[in-house]
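The values are calculated or read from the model by the stated rules, or taken from the named source; none is laboratory data. For clarity, every value in this text was computed on a predicted model and none was experimentally measured. Here Cβ is always computed from backbone atoms with ideal geometry, including for glycine, and neighbour counts include all displayed protein chains. Each accessible area value is taken on the protein alone, full model and side chains, heavy atoms only, with ligands, DNA and RNA left out. Shrake-Rupley method; radii C 1.70, N 1.55, O 1.52, S 1.80 Å.
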Amino acid sequence: MWGGARGNDNEKSKGWNVVADVGSHGLVRLKEVAEKGSTAYRWEGGAERWRRKTEMAEACQVCCGLVTMAEVATMLGRRNLLSREDNDEARKQQRQSCARLLEPACWMMVLARVVEEGKNITQGYSHVEQLLDRISNGVLAEDRRSAITELQQVVAESSSAQLAFGAMGFPVLLSVLKEERDDTEIIRGSLETLVSALTPIDAVQGQKNEIRPASMNSDILSRESENISLLLSLLSEDDFYVRYYTLQLLTALLTHFSNRLQESILLIPHGIIRLMDMLMDREVIRNEALLLLTHLTREAEEIQKILVFEGAFEKIFSIIKEEGGSDGGVVVQDCIELLNNLVRNNASNQILLKETIGFEPLISILKLHRGSAYNFTQQKTINLLHALETVDLLLMGGPEGETIKNANRLSNQTAFAQKKIIDHLLMLGAESQWAPVTVRCRALRCIGNLVIRNPQNCDALANKLVGEEPHIEPALNAILRILLRTTVIPEFVAAEYVVKCFCEKNADGQATLASTMIQPSSGSRSNPRDDGAISFGSMLLQALVTSEPNGDLEMCSRACGVLSHILRDNAYSKDRVLQVKLEESVPSLGPPESLLFRLVKYLAFAASTKTGDKSQTITAGSGDGSYIQTIILQLLAIWLADCPNAVCCFLDSPSHLTCLLERVSNPHAGVFVRGLAALVLGECVLHNNSTENGRDAFAVVDAISQKVGLTSYLAQFDELLKAFDSRFSTAVSHKPPPRSSSASMLDVHEVENHNGLDHMEDHPNLTAILDPLFVTFVRKLEAGIREEFVDVYSRAKNKASILPSGLERRDGEVDGDYIKRLKFFVENQCRDMQDLLARNSNLAEELVRSGGHGAVEISAAKPSSGRERIQIDALRNELQEARRQLEMLKSQKAKMEEEVLFYQSTSGKLESDLKSLSDAYNSLEEANHRVESELKGVKIGANLSHSEVERIRTEAREEAQKEMESELNDLLVCLGQEQSKVEKLTTRLVELGDDVEKLLEGIGDEAGLPDEDEDIEEDE
Amino acid sequence: MSYAYLFKYIIIGDTGVGKSCLLLQFTDKRFQPVHDLTIGVEFGARMITIDNKPIKLQIWDTAGQESFRSITRSYYRGAAGALLVYDITRRETFNHLASWLEDARQHANANMTIMLIGNKSDLSHRRAVSTEEGQQFAKEHGLIFMEASAKTAQNVEEAFINTAATIYKKIQDGVFDVSNESYGIKIGYGGIQGPAGGRESSSQAGGCCS
Ligand SMILES: Nc1nc2c(ncn2[C@@H]2O[C@H](COP(=O)(O)OP(=O)(O)OP(=O)(O)O)[C@@H](O)[C@H]2O)c(=O)[nH]1
Ligand SMILES: [Mg+2]
């Protein structure tokens, strides 16, 4: 049915239907087969026959297994469909969709193939088979040769033929190579066929699971190291084509299975030497050998060494020279690529190069002549890039342990410097603006690597002048100008790299640059073209401050990066730059502003412009706008590190602290901004030696714990470090430009097209600044900050509590003084305690918040801070005290009321007593009156002797009067007593503050008494 | 950098006999008491003077361990001289000499000069191979012989220089086709005529590579 499928289109689709049918029926079956593993190929006669075809095919099947067979089938099926020339788009598409349908059905097709005995072998397959048969069994030499030519053509054109060849052809051709050395023509043919079988045919665009017959064939051929030996032995043949094809064949094998090839070649005695010898062969062979050796040496240290032992360096350099150095063609590129392979991470070879040949020949590749300005062909650009890579590789030293590598790097740096490479590099990187930007960048990086951690070379760079009379200026100035002004990102990055390398571990260099930071007088400022005369520091300062606060901070941010390099780990520079005062353009507006203040101003400004724009700020971890904040914060972090003066200056303005706190607590600020702000805050604690209230470490800690909370503050560090980690894990390593010059040019253009700095996802300045060095710095600082926080918390501000011995009375101290001192001490302690309590409550709060409960919920409900809580506590205490007093007052009042009541009732009783007394008096009066009137009546009525009556009357009266008088006396005594009692009560009441008048009023007249009196009446 | 001749040496012998130490003593005048197993090969270089001529020695110190043998064999063919080292305190290293020679004869060029070195002569109290035995073996196989100590530097200089002198003599005698670099000998660009340059170069020698 396969054959049917090759008929017209109708038939073909019918064929596919059958395939699909068979497939779906057989799928279950096939699974069983698959489970049986690699023996599956024996399952049906078809496979059996296939197996018998050749031993090689079996080997292939065994190793590749059933899956490979499935792939083979898919491949063949698809190729049958697609490889036929067909211009009719519609039909082509139809077929392609058919092929797509088949894609998942590859298993089915295997089945179809396996089931369909005989027919399953394609026409191409049988054709290859026939040809091979003619080659191995043919009698006539001519016929065999033509068979081999035909086979080569078939294999070169169709990948199904390549597959078929892979299944059957190798043993046939290998035995030809082994046994028929005398027949040059058939050997050539065999080799050419093998090359074709290993060369990929790019027909169908590579789908992922597509098998590559060329790669499979390479696999088969390279599996036996015996085959490699055989090939190497062919290199000694006289025939040019034999050697040529053999080299091509080996190169093809290397591109597919380099490790395997490297291993087997290493094990074959003189294997590498044989290949090396090819470099001495005629040009075509030599060029081929160069390519092969480049593949062979990739990441194979031992092979690299053997090559060098065999004199590879000498040969490479002599070829480069022959070809015209950097002006030479692609062969020069190949040479340098091989050279790079030999020295990459290979200290031994680097030493040998330096010791025996020296770097001179390498440097001479880099030499530019001033006249050659517009002579940059693509190839020259690529050649130079490769040579610069060699320089870089040598400057990086070997891979060994730090010390060896360091020694090697140092001695390579020195050797390069002795040969004046810096002149050529400056020419390429800083002077020749007509050199392609990729070359300029690469040269700048080399300058960085040349000076890094090498004091002599740093000095050399610092003293170098570039340019031609009269426009001569220091090289570093030229590099700074490139850094500040370039519109090409990679060039900025490269220039920044030079400054960074120059400053690293170069205290003198840093200090020199810092000491030139003087603001040029306004006269020269208006004339910016006069850069030649301006110092490095002034140029830098200008870049830092000329940005208008509402303008673009790009230049400022670049300058910040540079400044951070100058300040890093350099106490002198930090203090020096702290002194830098900025002249206001309008004078007399107060004292001149310091540079530090200006930078914080920019920070605040950058922050303020971001807040409105949330969509951007959320992702702004490294995004385009917040990078300025990040960079300024990074600079501050570097500046404030180990520099109490800078901390003090920074805290001079309370708004600075607030600004940082805002950055840390702002969830819309990027992770770097928050983290770095936290870092700078931490430095304000860690490196704070101020004792001034409000500016000391305590104040900063308190501010942090109040505004941000300790937990969330410390969490910023974790986040920051996490962000660093993910940053470095995603960083891509640099790759050398590929050999194909078209691709290389793409690269070149790509670099040159990047001139919109603002549209970068990750600003290059950040990449340059947030480097591993800075991360190490952050890690160290973070640990220090955490420790310092613990320390601050475990120490009292006034240090009162730690002077117990001072409590003793001093000799001759008077009581008053002693008491004063003790009082002062106690006051201090009291304050400390308040302080500690406040912190304690803050901490407890943090603890509660961070432990278990939803942080949000609590933070919503919590009293806004510990300090307030303390205040509340104090208020509560006061309240309680007041309440207690109130209570006391109340009870006093009640008691008083009780007393009042008592006195009231007493006075009531007295009153009634008084009444009854007066009643008694009245009745006495009455009685007296009656007696008198009786007497009268008696006097009048009875007319008794007057004298008698008179006597009686007098007697009675005297008697009555006596009686009355004594009663009255009693009464008066009583009254007097009562009166004094009332008086006493009154004073008492006055004492108690009660309204005596009112009470007495009540007593005086029955009505109008207040409520209480009613109660009293009721009680009575 | 200028030299009259450049000679390539290899140092071979069992593991632990002191090959790397000999090289280090020769190039850096240092002794390394800890055994740093050599992996593959290590390179060292030094300038010496013979007959007033500056001669650059390129020396490849090979790993003695069996597993590296196939790699180290690649260095035989292109070497002009070989230092075959055994350890006088370990008899088996002496017993293996024959197989080392066998290897050398098979892979090296026939004119390679071989210097037999009985190393660790400072450890005479633990000697397991007598000086005479070493001499005898060298005589039988046409080798130059010396006992040396990488530790005390005794005979180290001499071992390398005598080998060079022998090669130099072979050149003078016309044994080599010097233009064929596969013998491990190269004629330098400068210094071949005047002895003055040679002396200058030799004074820089030593400690030039790490
Ligand atoms: N006492 C003494 N010890 C030596 C002498 N030479 C080498 N050693 C010690 O022998 C040990 C092995 O020395 P190496 O030079 O590393 O041995 P090697 O021959 O290079 O070994 P491989 O690299 O494994 O082939 C080290 O511990 C050395 O200190 C010597 O002359 N005297
Ligand atoms: Mg060693």
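Observations
- On the principal axes of its alpha carbon atoms, the range A:383-450 extends 40, 21, 17 Å, with the longest extent given first.
- The convex hull around the C-alpha trace of the range A:174-321, projected and averaged over every direction, spans 9.6 square nanometres.
- Burial ranking of peptide ranges B:143-155, A:130-142, B:171-183 (average Cβ count within 10 Å, highest at the top): B:143-155, A:130-142, B:171-183
- Surface analysis of the range A:423-505 yields an accessible area of 34 Å² per residue, using protein heavy atoms and a 1.4 Å probe.
- Relative frequency of Cα-Cα separations exceeding 30 Å in the range A:353-512, percent: 11 percent
- Local net charge near A:Gln433, Cβ-Cβ under 12 Å (Lys/Arg +1, Asp/Glu -1): +1
- For the range B:60-147, projected area of the alpha-carbon convex hull averaged over all directions, nm²: 5.5 nm²
- Translational diffusion coefficient (Stokes-Einstein; Kirkwood radius from C-alpha pairs) of chain B at 4 °C, 1.567 mPa s, in µm²/s: 76 µm²/s
- For the range A:252-278, a decrease in accessible area of 40 Å² or greater in the assembled protein chains relative to the isolated chain, with a 1.4 Å probe, applies to A:Leu266, A:His270, A:Ile273.
- At a probe radius of 1.4 angstrom, the accessible area of the range A:322-419 per residue rounds to 34 square angstrom.
- Restricting the range A:395-482 to trypsin sites (Lys or Arg not before Pro) in coil, as DSSP defines it, with at most 13 other Cβ within 10 Å: A:Lys420
- Charged neighbours of A:Asn645, selected by a Cβ distance under 9 Å, balance to 0 (K, R count +1; D, E count -1).
- With 23 Å as the limit on Cα-Cα distance, the pairs of A:Lys354/A:Lys464; A:Lys367/A:Lys419; A:Lys574/A:Lys780; A:Lys505/A:Lys574; A:Lys367/A:Lys505; B:Lys56/B:Lys120 that go past it are A:Lys354/A:Lys464; A:Lys367/A:Lys505; B:Lys56/B:Lys120.
- Legend: residues in the range B:47-67 shielded by at least 10 square angstrom of accessible surface upon adding the remaining protein chains to the isolated chain (1.4 Å probe, heavy atoms) are B:Lys56, B:Gln58, B:Trp60.
- Distance from the range A:126-143 to the range A:648-669 (C-alpha centre basis), Å: 87 Å
- Percent accessible area from carbon and sulfur atoms, chain B, protein chains only, probe 1.4 Å: 49 percent
- Compared with the dominant principal axis of the Cα atoms in chain B, helix B:19-28 is inclined by about 40°.
- With respect to chain B, whose longest principal axis is taken over its alpha-carbon atoms, helix B:131-141 is tilted by about 60°.
- The convex hull around the C-alpha trace of the range A:406-499, projected and averaged over every direction, spans 5.8 square nanometres.
- The three principal axes of the Cα atoms in the range A:322-419 give end-to-end lengths of 44, 25, 20 Å, sorted in falling order.
- Sparse packing (at most 13 other Cβ atoms within 10 Å of the Cβ) combined with a DSSP loop state is found for the following chymotrypsin sites (Phe, Trp or Tyr not before Pro) in the range A:306-383: A:Tyr374.
- Charge tally around B:Ala80: other residues with Cβ under 13 Å, Lys/Arg +1 each, Asp/Glu -1 each, net +4.
- To the nearest 10, the accessible area of A:Trp434 is 80 Å² with a 1.4 Å probe.
- Dipole magnitude (debye, nearest 20) for the range A:322-419, charges at Cβ of Lys, Arg, Asp, Glu: 320 debye
- Taking the alpha carbon gyration tensor of the range B:132-185, multiplying each eigenvalue by 5 and rooting it gives semi-axes of 25, 15, 8 Å, largest first.
- Shielded by partner chains, the range A:298-321 residues - at least 10 Å² of accessible area, 1.4 Å probe, vs chain alone: A:Glu302, A:Lys305, A:Ile306, A:Phe309, A:Glu310, A:Glu314
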